[in-house]
Amino acid sequence: MNRFITAVVAVVVAVFLLGFGLFGAPSGMESVAVLGRALWTILIIGAVLVVAVAPLRRRMLGRSRLLGRLFAPRLARADAAALSPHELKALGVLRRPEAWGMAAALTRETVDRKGQRVRLWPALAGVELTPLGPAARFANPPGVTAGDWDVARVSSAVGFHVEISPAGASSVLVTARTRDPFKGAAKSSGGSLAAGIPCGVQEDGSPLLASFANQSGAVVGGVPGSGKSAGATSIIAQLCADPAAQFVVIDGKGGSDWSWVAPRAALLNTDDENLEAVKAQLLAVTSLMRWRLQTQKERRGTSNFWHAGATAEEGFVLVVVDECQSFFDPKEHMTKAAKELSQEIAALTVNLVKKGRSAGIFVMSITQKPTSDSIPSALSANCGVKWACRVETRAAEESILGARPDGTPDSASPTLIPETRPGGVTVKRGGEWVRARFSYTPEAEAAAIAERYASLRIPFEQLTARQPVFTEGDDV
């Protein structure tokens with residue numbers, strides 16, 4: 001009771017002081033007006049510091065549950081945007097850390113200035129909706145760090161699965177996993193050669209990017225129907241609008257899967273039996289690569305294509321070799337001459353991957369038969385981009401992605417991608433594997449895009465005619 005009376009008296013005195021400071025004090029009480037103006041100055045400076053200095057703001061939120069409740073308008077907006085009763089319920093649980101903070105071992109006891117023992121809780125600092133579901137941002141109370149937020153313990157305390165990620169020096173974001181980012185066939189758009197082309201969605205709901213700048217090649221593998229070519233189609237369809245991109249497509253299926261790109265491609269070869277033609281085409285691309293490497297320092301002022309950037313005059317060249325086992329694997333051929341041609345084609349492709357990065361040439365090798373014969377080890381070792389769609393064996397997984405990094409969960413294995421998720425893919429990025437799903441562009445839509453931008457096509461002969469012709473006897 002005494003504390004309550006003291007608080008009331010303090011509030012009344014503060015109100016009078018602020019009033020005198022703002023409107024002036026009666027005659028003879030000028031000193032009170034000075035105190036009022038000083039109090040206004042302190043309040044304004046304090047408010048500015050709390051707003052501008054993130055650590056101070058989080059500390060204030062961590063000590064005051066009342067300040068956390070000031071974020072109620074954000075909660076109301078999130079409630080209105082939630083799509084299901086389940087999400088509303090999950091959000092309602094997350095926003096009350098006093099109901100689960102103790103079970104999650106995220107509270108701390110301390111002694112206030114008056115010697116009273118008080119319990120500190122994570123303070124709600126805001127909510128948002130993510131691709132995975134509703135999320136709440138909390139400021140840690142003193143003594144709690146991001147490492148204290150254990151996923152299993154918090155999930156058990158709130159009663160549903162959550163994801164936890166740091167959100168600054170002293171706060172975390174807790175997300176209720178109520179949505180499947182892989183559900184449906186999301187479309188992607190936007191992006192650029194320099195920044196990457198959005199081509200799907202990752203397991204955390206963020207865009208999957210196909211990166212080409214300063215990269216030399218990609219390996220894409222998976223069983224038939226797993227979404228390999230569909231993923232490549234989605235990427236190339238988006239690149240069609242870029243005048244700085246040209247495509248060389250060599251299709252080992254020998255069918256019409258890539259016919260949609262014909263109006264826009266510098267070259268489309270669907271003859272899977274004419275190995276001599278494939279070799280000649282790869283020799284021409286190799287000649288282009290060598291000419292660029294030898295002359296771009298003088299012509300463009302840099303020895304690296306990407307430092308000057310891709311332009312309509314000197315564009316990025318994407319070479320797609322679909323069902324590459326038809327060309328790379330000698331076992332696919334009957335005669336000695338064909339086997340030798342196959343080895344030469346594989347060697348030319350490996351050379352393009354090894355040296356093409358600095359010349360703006362990128363090779364995408366796609367196969368439904370991921371083995372060491374279909375994907376030569378030298379090719380895989382030099383490709384910075386590796387995508388594994390659904391495969392059936394651990395050996396196939398390793399042929400595409402290499403050895404599984406330590407700590408990689410079994411769920412990231414492409415052998416566990418369900419058949420009901422076409423386009424599902426495991427991406428190797430640096431030292432980790434990330435689950436994702438390619439976006440889907442219908443063939444008719446891709447064909448319309450290619451036709452719309454057909455005027456940007458540079459014929460293969462013209463594309464490769466700006467330099468001396470590379471011949472078989474030259475050193476690659």
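Using a ≥ b ≥ c from the Cα gyration tensor of the range 161-230 (square roots of the eigenvalues), is it rounded, prolate or oblate, where a/c under 1.5 gives rounded and otherwise the larger of a/b and b/c decides, a/b for prolate? Don't skip to the answer; put the middle values down first.
Details: a/c = 2.42, a/b = 1.48, b/c = 1.64.
Oblate.
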Label-point separation in nm, Ala337 to Ala465, each point 7 Å along Cα→Cβ: 3.0
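Order of Val13, Val385, Val249 from fewest to most other C-beta atoms within 10 Å?
Details: Val13 12, Val385 18, Val249 24.
Sorted ascending by nearby Cβ count, the order is Val13, Val385, Val249.
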Unsatisfied cross-links (Cα-Cα over 22 Å) in the set Lys354/Lys386; Lys228/Lys428; Lys354/Lys428; Lys339/Lys428: Lys339/Lys428
Overall Cα dimensions of the chain - principal axes, largest extent first, Å: 107, 49, 38
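Can you pull the Kirkwood radius for the range 114-197, inverse mean 1/r over Cα pairs, to one decimal in Å?
Working: mean 1/r = 0.0656 Å⁻¹.
Its Kirkwood hydrodynamic radius stands at 15.2 Å.
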Aspartates and glutamates whose Cα lies under 15 Å from that of Lys369, excluding same-chain neighbours fewer than 8 positions away: Asp251, Asp322, Glu323, Asp329, Glu332, Glu392, Glu397, Glu398
Listed peptides 351-357, 322-328, 154-160, 36-42 by packing density, highest first (mean Cβ within 10 Å): 322-328, 351-357, 154-160, 36-42
5 angstrom amide H check on Val319, placed H, neighbours 5+ away: Val248, Phe362, Val363, Met364
Debye intensity ratio I(q)/I(0), log10, the range 157-281, q values 0.10 Å⁻¹ (C-alpha model): -0.48
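Using r as the Cβ-Cβ distance of Thr393 and Arg153, and R0 as 45 Å, what FRET efficiency do you calculate, to the nearest 0.05?
Numbers: r = 36 Å, r/R0 = 0.81.
Once rounded, the FRET efficiency stands at 0.80.
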Hull shadow area, averaged, the range 197-463 [alpha-carbon convex hull, nm²]: 13.6
Candidate lysines for bridging to Lys89, where Cα separation is under 26 Å - those fewer than 8 sequence places away on the same chain excluded: Lys183
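Evaluate E = 1/(1 + (r/R0)^6) for Phe23 and Ala47, where r is the Cβ-Cβ distance and R0 equals 30 Å; express this FRET efficiency to the nearest 0.05. Please report the intermediate quantities before stating the final value.
Numbers: r = 20 Å, r/R0 = 0.68.
Efficiency, rounded to the nearest 0.05: 0.90.
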Cα-Cα separations in the range 71-176 greater than 19 Å, expressed as whole percent: 41
Cα gyration tensor shape of the range 235-312, rounded if a/c is under 1.5, else prolate or oblate by comparing a/b with b/c: oblate
Rg/Rh for the range 328-441, where both radii come from Cα atoms and Rh is the Kirkwood radius: 1.00
Gained length - Ala454 relative to Arg429, 0.36 nm times residue gap less alpha-carbon distance: 5.7 nm
Most to least packed among 203-212, 298-307 [average Cβ atoms within 10 Å]: 203-212, 298-307
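All of the numbers you see were taken from the coordinates with simple rules; none came from a lab. All values derive from a computational prediction rather than experimental measurement. Don't worry about glycine lacking a Cβ; one is built from the backbone with ideal geometry, like all the others, and counts go over all protein chains shown.
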